[in-house]
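Please read the structure below before turning to the comments.
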Amino acid sequence: MKIPWKGLAILGVLIVALIYNRPTLLTFLPEDTASSQQKLQARMEQIKAEHQQLIGLGLALAEGEKKRIMLIMDEGAVFPTDHPVLEKILDGNFFFEKSDEGSFLKLKDEDVKNVFVTKVSNQLNGVLTNARKVVEIGLTSDGIFFQMEKGKRISPESEPFITMLGDEFELSYQDGKDRYVTRKQVLANVVNLGLDLQGGMYLDIGVESEVVVQAVMDRVRDELEDKLIDDNINYDVVERIGDNQIEIVLDADEELDLTDESYTRLLELNYDVLPLDSGFLITLKEEERKRIKSKAIEQALETIRNRIDQLGVKEPSVQKQGDNSIIIQLPGLKDPDQARRVIGRVAVLNFMAVAENGSVDNPSEDQVVLYQENRDALTKELISTVPYLLEKKVLLKGDRIRDARVGFLQTGGAYVSMSFDEEGKELFSQITGDYTNRRMAIVLDGKVQSAPRINERISGGEAQITGGFSPEEASELALVLRSGALPAPIVIHEERTVGASLGEDSIRQALMSLSIGFAGVILFMLIYYRVSGLFSVMALIFNILLIVAALAYFGATLTLPGMAGIILTIGMAVDANVLIFERIREELARGTSVRAAIGTGFQKATITILDSNITTILAAIVLFQFGTGPIKGFAITLSIGIAASMFTSIVVGRFLFEVVYLRKAKLDKISI
């Protein structure tokens, strides 16, 4: 028996296409709201019950020598042996036993060496502590929320709710509201909709990387100046010229050897040194300048990604374009103003000492005047500014912040509480010790937020920013501090916002045009080519399945121009079938046998189809290479559609003729 390899291969392609189409269909097919809400309600009740079971368990005490864990439980509480969180922690290595001594979790096999009773006990206590922080569990319009005690969060090391929610949901924290909310887990291999189809925000931003180069040169200038002072070398001035040069002007008869190891280590190999009559001119090499600017763009890209991730936007796109631009697409975004504030804020945090001597009207070279803004609590209008004379030297920077959270004063006002990493803790402790009984200003983006007096050394590694913030403002500030400062200011080159309703209209109109075009093509092919037209329709459906599967596999984003490409592809696929069918008709009209006419029709028409489609693919490649945004989307779907249409028209179409007609021993006529 001959194995039908061609049929099996086509069937395999069809099965793969259906597998990759399934997540997209599950995501975008309309869902019964009432039924969905009932399922969500049932899920919430189940989680509440599981949470209540954890509340009844008070404390887990490890008894290592006896290979068991003692449980301190509320009166009447029952240990839930089938609880998903507890099952995950115990991992089948313990069994529950209640005796006169109390309630215990005993190790099943006391000879097991890779199970540590203390570690399991700590995990249990972490879960129980986290569970007690939750004061309410309820429903939102499309998910479940977990209301926390004021200012509390769940430590990720002992997260109980991820296990309870399973793979269906994911959690995100709403800072300022002290609660976690769920949203449906995004399925893998789903065709993403562009901004024009589901609404959202498009930003083309530029990073002013020259500012970073200037900051590097300023830092080197300060270090050189400190070094000259330490070496008792008299100089007239050390100043930056432009954005890539530093000039050192020495006093008359003063000598300086920049080839000394301490100076070469400072300048490394990144600078060209030119001796002058009165000093030196130090120039940043072009290669190093490009490296600094490139690194600034990469850092800005990573920082913006971190900030956007905390906004809770599904499938955001953040990509570098050109040398200094970053393209941001936030589909489904509901608050463009918040995104603009969060993305655009530089968030450079510095700790600087308030000068003890001098005047704000006449600051010295090592001093700077910065202002604290007093704004109306309701309208946020600027009421007044308070000048501060600060020492120019930055004592501690915000890049040492490990975490930032929102807190509330007794008056009800919000503040941002910060904790430093290990190196930051040591620096902060040393600085507060050195500057005891002096004031230290907390400066954010060049504005003084507060200037508290340091009464004693602070060794805990924590600080607060107060500035009359609303909870929302404090929440946004905490977000940007956690994600890190932008290396340089950004400028918005282009901004577009598409409303959700406009996106829905676009989808409706695009689907309408696709349906009308598809129905028209089906009707024409069935009437004009009869059974052969039915083959064409079947190949066309296969074609659309392949296009959607390919888009899902490559993670492509479908836009309106992309849908236009799909509609164009339908027409081109039908055009290929028309060429084949008309060629078969011509052969039949010449008196050629049916079997030979089918073979000749496919053979001759295939050359014409390949010629026209390859020409179109070349044009699509040019559009993809030199086009941007929507034009690229059109080029991608057009290219995928052409490849799919050639396969379905030539291979699948020929296979259908073989199955229905060419297998017959006697073939006198066909329906075409």
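The values are calculated or read from the model by the stated rules, or taken from the named source; none is laboratory data. What you are looking at is a predicted structure, and each value in this text was computed from that prediction instead of being measured. Quick reminder, even Gly has a Cβ in these numbers, built from the backbone with ideal geometry, and neighbours come from all protein chains shown.
Residues of the stretch 201-219 that are within 22 Å of residue 235 (Cα to Cα) and touching a residue at least 60 places away in the same chain (Cβ under 8 Å): 216, 217.
Condition first: among the aliphatic types (A, V, I, L, M), at pLDDT 80 or above and not in a helix (DSSP H, G or I). Can you find one or more residues in the stretch 467-489 that meet it? No, that holds for no residue. Would you call residue 398 touching a Leu at 6+ places or on another chain (Cβ under 7 Å), within 23 Å of residue 302 (Cα to Cα) and surrounded by 16 or more Cβ atoms within 10 Å (Cβ to Cβ)? So residue 398 passes the test. From the set of residues in the stretch 190-241 that are touching a Pro at 6+ places or on another chain (Cβ under 9 Å) and of a type in the set (D, E, K, R), which is farthest from residue 328 (Cα to Cα)? Per the stated criteria, the residue is 208.
When the criteria are applied in full, residue 648 meets the requirement of being crowded, with 18+ Cβ neighbours inside 10 Å, of a type in the set (Ser, Thr, Tyr), modelled with pLDDT of 90 or more and not in a loop (DSSP other than H, G, I, E, B). Looking at 635, 605, just one residue is within 42 Å of the chain's Cα centre (by Cα) and buried (at least 17 other Cβ atoms within 10 Å of the Cβ), and that residue is 635.
In the condition set (1) under 30 Å from residue 489 (Cβ atoms); (2) buried (at least 17 other Cβ atoms within 10 Å of the Cβ); (3) of a type outside the set (S, T, N, Q), residue 250 is compliant with all but (1).
The set of residues from the stretch 534-545 being without any contact (Cβ under 8 Å) to a residue 24 or more places away in the chain and closer than 18 Å to residue 669 by Cα comprises just one member, 534.
Residue-wise test of (1) part of a strand (DSSP E or B); (2) modelled with pLDDT of 85 or more; (3) within 27 Å of residue 148 (Cβ to Cβ).
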position	(1), (2), (3)
391	yes, yes, no
427	no, yes, no
431	no, yes, no
436	no, yes, no
457	no, yes, no
460	no, no, yes
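For residue 263, the conditions (1) buried (at least 16 other Cβ atoms within 10 Å of the Cβ); (2) under 21 Å from residue 211 (Cα atoms) all hold with the exception of (2).
Matching residues to (1) outside the structural domain of residue 613 (by TED's automatic domain parsing); (2) in a helix (DSSP H, G or I); (3) within 28 Å of the chain's Cα centre (by Cα); (4) within 30 Å of residue 601 (Cα to Cα):
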{"residue": "513", "(1), (2), (3), (4)": "no, yes, no, no"}
{"residue": "528", "(1), (2), (3), (4)": "no, yes, no, yes"}
{"residue": "547", "(1), (2), (3), (4)": "no, yes, yes, yes"}
{"residue": "577", "(1), (2), (3), (4)": "no, yes, no, yes"}
{"residue": "588", "(1), (2), (3), (4)": "no, yes, no, yes"}
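Within the stretch 352-370, being at pLDDT 90 or above and either touching a helix residue (DSSP H, G or I) at 6+ places or on another chain (Cβ under 9 Å) or of a type outside the set (Gly, Ala, Ser) (or both) holds for 352, 353, 354, 367, 368, 369, 370. Residue by residue through the stretch 323-348, note down the ones that are buried (at least 18 other Cβ atoms within 10 Å of the Cβ), at pLDDT 80 or above and under 18 Å from residue 295 (Cα atoms). Those that are buried (at least 18 other Cβ atoms within 10 Å of the Cβ), at pLDDT 80 or above and under 18 Å from residue 295 (Cα atoms): 324, 326, 327. Residue 85 meets each of the listed conditions (1) without any contact (Cβ under 8 Å) to a residue 40 or more places away in the chain; (2) within 40 Å of the chain's Cα centre (by Cα) apart from (1).
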